[in-house]
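Values in this text are rule-based calculations from the coordinates and carry no lab data. Everything quoted here is computed from the prediction, not taken from an experiment. Methodologically, a virtual Cβ is constructed for each residue, glycine included, from the backbone with ideal geometry; neighbour enumeration extends over all protein chains shown.
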Amino acid sequence: MSVELTGAEITVRCLQEEGIDCIFGYPGGAVLFLYDELFKQDKVRHILVRHEQAAVHAADGYARSSNKVGVALVTSGPGLTNAVTGIATAYMDSIPMVIISGQVPTGAIGLDAFQEVDTVGITRPCVKHNFLVKDVADLAETIKKAFYIASTGRPGPVLVDIPKDITQHKASFSYPSKVTMRSYNPVVKGHSGQIKRAVDLILSAKRPVVYAGGGIILSDAAKQLTEMVQLLDYPCTNTLMGLGGYPATDKQFVGMLGMHGTYEANMAMQYCDVLIAVGTRFDDRVIGNPKHFSNENRKIIHIDIDPSSISKRVKVDVPIVGNVPDVLKELIKLLKASEGKFDQAALKDWWKQIDLWRDRDCLKYDRESKIIKPQQVIEQLYNITKGDAFVTSDVGQHQMWAAQFYKFDKPRRWINSGGLGTMGFGMPAAMGVQLANPKGKVACITGEASIQMCIQELSTCKQYKLPLKIITLNNRYMGMVRQWQEFFHGNRYAESYMNALPDFVKLAESYGHVGMRIEQPEDVEAALKEAFKLKDQLVFMDFITDQTENVFPMVPGGKGLSEMILV
Amino acid sequence: MRHIISLLMENEAGALSRVAGLFSARGYNIESLSVAPTEDPTLSRMTLVTIGSDEVIEQVTKQLNKLIEVVKVVDLNDGCHIERELMLVKVRAVGQDREEIKRLVEIFRGCIIDVTDKSYTIELTGTSSKLDAFLEAIENSCILETVRTGASGIGRGEWILKV
């Protein structure tokens, strides 16, 4: 007979059994018993954030940079509603995460109790799955299921809502080593017939492109992708979420594609005859107008673990549902064994065409400028960190420049909110990254608008001595909003000017950090070097950048990939 | 095109709202939806009638399959199937109409299950289009109240939907 434990003890034991060493949260009435149990042990470290949104973003950054499941703990009512932005962010980017939320006692549910919300109802559209635990006897199995669902198949956040009385009730505890669910059995192995069809199609290509997305990162398939691309000598492009999936410094890499992708990547995408799409979903920011995209004739192979991602926006010819690294391994094996010959001559011509597109030098900017150019800051950051930093970003122009100018050679180094586009993501995510990688260099590239959406976390960074390097590209505008207003709204800059900005240097100092303000292009390099020398300190760098700089190339909304605005 | 989709799902609180929420969130149509537990009390069987192009229906079934509590999904239009819907209609029945309505009910193989001196309550089962036809046949002003269950469907022959 096993010992009886309270629901709170069971929850903490489950986290220990899952090997969770760090969780992010904020206490409150409904989770007091849980916090009491956390207090009594030291295997699971709790990081106290200053706002629940940050708890979830931090757990998210932790998960993205480590491939472990991120865990956040919040209280009922406002604790949960604050967390929703973070949960939706993780959902859109398929991040494995478990959120534990307190709930009012079971007897009070539905009676409009203090700090009560319908948590399961509110989060339903933005989680992979959620549970309300109604009996303490089900608690351990429910938590096991949550971790299992979050981390298998197409990953995603799973929420477990635990009423306060359940944390007090007792049940015998044994943690299931595995769970089986008749209603949830994600496909792993790709269909071998389809893989054979893919091989034939790949070998017949005259103008091939490999287009790989976040699925490469999530499934740890960078190695297989790189091997396949190099075996074939085909050009490869990554989506915003896929950066680092293929080494950016390799000559076969044609850059990021999409709304702010490179000219060569977008043109190659539009005019290829065989497209090999891996772990990606043809979303609107990637292929632009799907009708325009379909105007060109091409055959598409699509490998993804989620069947619903296939033929959702673009009809594909060879769908392969399966775990990406396994499917790629199978493909590589068959390609190596294949008798068929690549059309070397055609491929040579195709590369010639791509090099012509490359010569357009679509990412050029004024390097002689007397005002700091944001691109210059990112390039310097890349040089100084030797491309080896973990880089998080917020959302807007700075995010796109970071994606264009920091060359990611490794997966899990580039952490940003691609799907939901959540401003305020960068700094809390960087906290999670730093905690998962205590020795790693962590930079948060942000803007003066985004950073203010979660700026309270400077306090958390102080408490836990997280030596982030915050790189604010301060153009006194919500830059991307301003850019769209310039292009599409007749230069009417409605509410996009950031008035009454704080003195970020003093602000950082008031939290006990180091603040720097950099105003001259010639000071950029030295400032960055100095900041990274301060190994144990958070350095908040306020770069005063060119207000008029825009992100190019740009595929305007509703336009096709080949209809870019170029600099 | 109209599709009739059958699914088996865990008989748990909230499972229905996941399905309904999916349809509203993704802008799919629901013409009707009916659900009840099966002979295995841990499973519910749902029949959903929806309208959409082949691409939309493909997405509908994929998205339904993705819901964690959904065990099996089948588009009954993929094979031969039988569908039935139950309707209860209360109609005004006075004077000459009483005989006329009775005849009409017989023609449609329904039955009158409740009678007052001014009204009949009629029970009718059949395909949704048969029920539509009955309502069209009865003079609109006679109809006092209509209750329909939405379609239930099952495959023809020995083919079964089971876990």
* To do: Grab the other residues whose beta carbon is less than 10 angstrom from that of residue A:102, score K and R as +1, D and E as -1, and report the net.
  => 0
* Rounded Å value of the spacing that divides the Cα centres of region A:296-319 and region A:533-554 -> 38
* **Rg over Rh, two decimals, region A:192-358 (C-alpha only, Kirkwood Rh)** => 0.92
* Asked: Ordered by packing density, taken as the mean number of other Cβ atoms within 10 Å over each peptide's residues, highest first, how do A:426-433, B:29-36 rank?
  -> A:426-433, B:29-36
* Starting from the amide H of residue B:71, placed 1.01 Å from N in the peptide plane, find each other amide H under 5 Å away whose residue is 5 or more places distant or on another chain. => B:8, B:9, B:10
* Structure fact -> Cross-link reach from residue A:329 to aspartates and glutamates, straight Cα distance under 12 Å and at least 8 residues apart if same chain, gives A:227
* **Size of charge dipole - region A:192-358 - debye, nearest 20, with Cβ of Lys, Arg +1 and Asp, Glu -1, no other charges** => 240
* To do: With +1 on each Lys and Arg Cβ and -1 on each Asp and Glu Cβ, and nothing else charged, work out how big the dipole of region B:97-160 is about its Cα centre, in Debye to the nearest 20.
  => 220
* Value at 222 nm in deg cm²/dmol, rounded to 500, when DSSP H runs of n ≥ 4 in the protein assembly as shown each add -39,500 (n - 2.57) -> -10500 deg cm²/dmol
* **Selection from A:270, B:46, A:90, by position along the positive dipole direction of the protein assembly as shown (Cβ)** => A:270
* Structure fact -> If unit charges are put on Cβ atoms (+1 for Lys and Arg, -1 for Asp and Glu) and the dipole of the protein assembly as shown is taken about its Cα centre, the option from A:108, A:411, A:552 lying farthest towards the positive end turns out to be A:411
* Send over the per residue convex hull volume for chain B, Cα only, as a whole number of Å³. => 139
* Asked: If you stretched the chain out fully between residue A:360 and residue A:220, how much longer would it get, using 0.36 nm times the residue separation minus the C-alpha to C-alpha distance?
  -> 47.1 nm
* **Those lysines that a straight Cα-Cα span of less than 21 Å connects to residue B:130, excepting residues fewer than 8 apart in one chain** => B:90, B:102
* Asked: Looking at chain A, what % of its DSSP beta bridges pair antiparallel, to the nearest 5?
  -> 10
* Structure fact -> Rounded to the nearest whole number, the Stokes-Einstein translational diffusion coefficient of region A:87-223 at 25 °C and 0.890 mPa s (Kirkwood radius, C-alpha pairs) in µm²/s is 138
* Structure fact -> Per the Kirkwood formula over distinct C-alpha pairs, the hydrodynamic radius of chain A in angstrom is 24.6
* Asked: Lysine pairs, Cα distance under 21 Å, 8 or more residues apart or cross-chain: how many in region A:100-203?
  -> 14
* With +1 on each Lys and Arg Cβ and -1 on each Asp and Glu Cβ, how big is the dipole of chain A about its Cα centre, in debye rounded to the nearest 20? -> 1220
* To do: Report, as an integer, the average count of C-beta atoms from other chains found within 10 Å of each Cβ along A:35-44.
  => 0
* **Euclidean distance between Cα centres, region A:344-418 to region A:158-232, Å** => 28
* **Surface/4 estimate of mean projected area, convex hull on alpha-carbon atoms of region B:112-163, nm²** => 5.4
* **Separation of alpha-carbon centers, region A:27-70 and region B:63-91, rounded to whole Å** => 42
